[in-house]
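One structure is given here, and the rest of the page talks about it.
The values are calculated or read from the model by the stated rules, or taken from the named source; none is laboratory data. The structure displayed is predicted, hence computed values, not measured ones. FYI the Cβ positions are ideal-geometry reconstructions off the backbone, even for glycines, and counts take in every protein chain you see. Surface areas here come from the heavy atoms of the whole protein model, side chains and all, with no ligands, DNA or RNA. Shrake-Rupley method; radii C 1.70, N 1.55, O 1.52, S 1.80 Å.
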Amino acid sequence: MNLYGPETPRIKSNIGEKIYEQMSELYPICSSITGNGVRETLTILKKHIPLTIHEVPSGTKVFDWTVPMEWNIRDAYIKNSSGEKIIDFKKSNLHVLNYSVPVKKTVSLEKLKEHLFTLPDYPDWIPYKTSYYKENWGFCLTHNQFLALKDEEYEVFIDSSLEKGNLTYGEYLIKGEKSDEVLISCHICHPSLCNDNLSGVVLSVFLAKHLNCIPVRYSYRFLFIPGTIGSITWLCLNEERVSKIKHGLVVAGIGDQGKSTYKRSRIGNAEIDKVVEHVLKCSNDPYEIVDFTPYGYDERQYCSPGFNLPVGCLQRTPHGQYPEYHTSADNFDFVQPEYISDSFSKYLSVFRILENNKSFYNTTPKCEPQLGKRGLYTAIGGESNTIVDQMALLWVLNLSDGQHTLMDISERSGMEFDLIKNAADALLQKDLLQECIE
Ligand code: ZN
């Protein structure tokens, strides 16, 4: 099914490449949940969309949490007894346990091992580890590097700081005709990891750029936030706005070759759940729908019982279900432009249906209106390519009782959403329909 009209192939052909290229500009930045890495990331994103950068002071109470101290890092290494750097943060941001406190000392191999993290099953990969809420220091290295360590003294050095500062996040609102909002949320806290979640960050930017150029009915709020503490902070500081959110998606892991996977909102049958399922079903690609669980990305916070927002997560292979997850192998080989393009298309299809998914009343519900005298029979014979499908007209007239949206009619009739929408437009023009206003 083509939900975009004739321009889709052009969008699809190069958007994945552009997103992929943009990811490479962000990849070298050592991001975390706070600190200059986040600011640097947001400053780059700001070249593309005029987002607002917010700073929330450390120590701010946000529901049951507290905004943590700000973490910054300049350098880190392990030197062996000959003075050679055997682990060097400058070669990979992942080499340092994210949020490590500063350290400068000489330690035995035995002591050092207490602070080392490896992946024995994938001996060439560096794991990504964090210690945000418990003060610690450590290094992540390949298991092969670990096995090569000799029983000698090592100099460990981490030039980091953990001080009062701020939590930084980015926000961008595209104002539509309505103040009702669609929330698009992605996490920006991971350093040098492609699928989780540079792919989601840059996809969100390109979605925003796209939506900014077309007229929209809904307002679209984009959040670029550190995982967990970012969504908790935003929800706490914006509680009065939350009721405006009518639909939402958490964008994550959209660049791997796995099939599209949609995790439903906690509500389970919200409009966003139905729309995403419809898009995936009509794509003719393999896909999977999974029910809400209170684990995963920031949908956990949006779907906490005190908010229970209609926010799902549209990803490809779910987090944790691929071995490259949270390792140095989540790189530019693991994500590919063609899969990013495909995810971009699916997100746009979701927005396109949300934008047009209205319901109507048939203004002449007693028997069928006479379509011929209104010029709505030109479709028969199919001589024009701008025809309004006859069956679509009949389905829309029959199900426009205020109870069915256009997508419901598309599902019930088995006809493409665009055919149904075109039929509704034609009937509206002839005053045979009236929009239901909630
Ligand atoms: Zn992650």
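Summary of values
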| read-out | value |
| --- | --- |
| Most fluctuating residue given options 414, 306, 230, as computed from a GNM of the chain linking Cα atoms under 10 Å | 306 |
| Between 0 and 90°, nearest 10: helix 271-282 axis offset from the chain longest Cα axis | 80 |
| Distance cut-off 20 Å, percentage of C-alpha pairs in the stretch 111-190 lying past it | 57 |
| Furthest towards positive pole of dipole, 76, 400, 249, structure part the chain, Cβ charges | 400 |
| Highest-fluctuation residue, 277, 55, 70 considered, GNM on the chain with Cα pairs under 10 Å | 55 |
| Residue-normalised accessible area of the stretch 359-435, given per residue in Å² at a 1.4 Å probe | 56 |
| Fraction of accessible area attributable to carbon and sulfur, the chain (%, probe 1.4 Å) | 48 |
| Summed side-chain charge close to residue 180 - residues other than residue 180 whose Cβ falls under 9 Å, Lys, Arg +1, Asp, Glu -1 | +3 |
| Helix-only [θ]222 nm of the chain, DSSP H runs n ≥ 4, -39500 (n - 2.57) each, per residue, nearest 500 | -9000 deg cm²/dmol |
| Cα centroid separation, the stretch 223-254 to the stretch 64-143 (Å) | 30 |
| Relative frequency of Cα-Cα separations exceeding 18 Å in the stretch 246-316, percent | 30 |
| Under 10 Å, Cβ to Cβ, from residue 289 - net charge with Lys/Arg +1 and Asp/Glu -1 | -1 |
| Angle between the chain longest axis and helix 417-429 axis [Cα atoms, degrees, rounded to 10] | 50 |
| Overall dimensions of the stretch 70-163 as given by Cα atoms, namely Rg and Dmax in Å | 12.4, 36 |
| Charge-dipole axis of the chain as Lys and Arg at +1 and Asp and Glu at -1 on Cβ define it, positive-most pick from 120, 320, 215 | 215 |
| Accessible area per residue, Å², the stretch 70-163 with all protein chains present, probe 1.4 Å | 51 |
